[in-house]
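**Student:** Below you will find the structure I want to go over with you.
The values are calculated or read from the model by the stated rules, or taken from the named source; none is laboratory data. For clarity, every value in this text was computed on a predicted model and none was experimentally measured. We place every Cβ from the backbone using ideal geometry, glycine too, and count neighbours over all the protein chains shown. What goes into the accessible areas is simple: the full protein's heavy atoms, side chains included, and nothing from ligands, DNA or RNA. Shrake-Rupley method; radii C 1.70, N 1.55, O 1.52, S 1.80 Å.
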Amino acid sequence: MEYGTESMTNAELLSELLGTKVEVENLQDVVRAPSAIKNVGEKRSRKIYAIRELCQRLMIKESAPVEVIHGPEDVAHYFMPRMRLLTEEHFDILLLNTKNHILRSCTVSIGSVSASVVHPREVFKAACVHSAASIILVHNHPSGDPSPSREDIALTQRLVKAGRMMDIPVLDHIIIGDERFVSFKEKGLLN
């Protein structure tokens with residue numbers, strides 16, 4: 001503290017907040033499994049979850065608002081503060097009007113650490129209810145690695161096909177990782 005909080009390591013900052021010595025540098029691990037860290041009981045675990053929620057709210061509030069989607073960076077900018085700290089997969093859709101203005105975002109499915117069950121009927125139900133002209137698929141990888149899995153690619157192809165049949169095009173599928181993202185459109189995976 002003598003040199004200011006900016007000179008402290010992540011472990012030192014967390015130790016200061018919790019009132020006990022914590023030996024960890026990867027804050028993502030702390031957020032995902034606080035009870036697995038030595039000297040962190042149930043009460044301190046709740047503090048960590050409260051800190052995580054507060055940080056997520058601040059990241060959302062501090063991020064510049066996105067109203068129109070011009071490319072995958074805009075989608076990532078919109079979802080990164082909302083999904084970055086999540087400990088399970090969330091599959092959301094971004095509903096757009098004919099000029100790519102955001103109508104709303106909807107969570108379609110919440111899964112486990114490594115999977116989320118998504119059915120085309122839920123995806124396109126929300127799109128129909130809100131009169132979306134097009135949609136963008138978005139989900140997170142709690143591991144932090146946004147690389148698409150075979151299941152991600154197969155699901156995307158299925159949803160693109162359903163979108164064509166319903167005349168509600170799927171413009172992209174973005175996977176959010178830890179400060180990184182992957183765009184299916186940019187990778188040529190949007191068939």
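**Student:** In the range 87-102, what count of residues is obtained for those that are surrounded by fewer than 18 Cβ atoms within 10 Å (Cβ to Cβ) and not in a strand (DSSP E or B)?
**Tutor:** Counting residues in the range 87-102 that are surrounded by fewer than 18 Cβ atoms within 10 Å (Cβ to Cβ) and not in a strand (DSSP E or B) gives 6.
**Student:** Among the listed residues 179, 151, identify the single one that is in a loop (DSSP other than H, G, I, E, B) and open to solvent by 40 Å² or more (accessible area, probe 1.4 Å).
**Tutor:** Matching residue, one of 179, 151: 179.
**Student:** Can you tell me which residue in the range 61-77 is modelled with the highest pLDDT, limited to those that are open to solvent by 60 Å² or more (accessible area, probe 1.4 Å) and in a helix (DSSP H, G or I)?
**Tutor:** Once the filter is applied, the top-ranked residue is 73.
**Student:** Enumerate the pairs (first residue in the range 46-58 and under 13 Å from residue 80 (Cα atoms); second residue anywhere and surrounded by 15 or more Cβ atoms within 10 Å (Cβ to Cβ)) with beta-carbon separation below 7 Å, excluding pairs fewer than 6 apart on the same chain, so at least 6 apart or on different chains.
**Tutor:** 55/85; 56/81; 56/85
**Student:** Residue 131 fails exactly one of the following numbered conditions: (1) loosely packed, with under 14 Cβ neighbours inside 10 Å; (2) over 18 Å from residue 167 (Cβ atoms); (3) small (Gly, Ala, Ser). What is the number of that condition?
**Tutor:** Here residue 131 meets the rest and fails (2).
**Student:** With hydrophobic (A, V, I, L, M, F, W, C), without any contact (Cβ under 8 Å) to a residue 40 or more places away in the chain and either assigned to a loop (DSSP other than H, G, I, E, B) or open to solvent by less than 40 Å² (accessible area, probe 1.4 Å) (or both) as the only criterion, which of 190, 137 stands out?
**Tutor:** Checking each option against the conditions leaves just 190.
**Student:** Of (1) within 15 Å of the chain's Cα centre (by Cα); (2) without any contact (Cβ under 8 Å) to a residue 40 or more places away in the chain, residue 155 satisfies all except one. Which?
**Tutor:** So residue 155 meets the others, but not (1).
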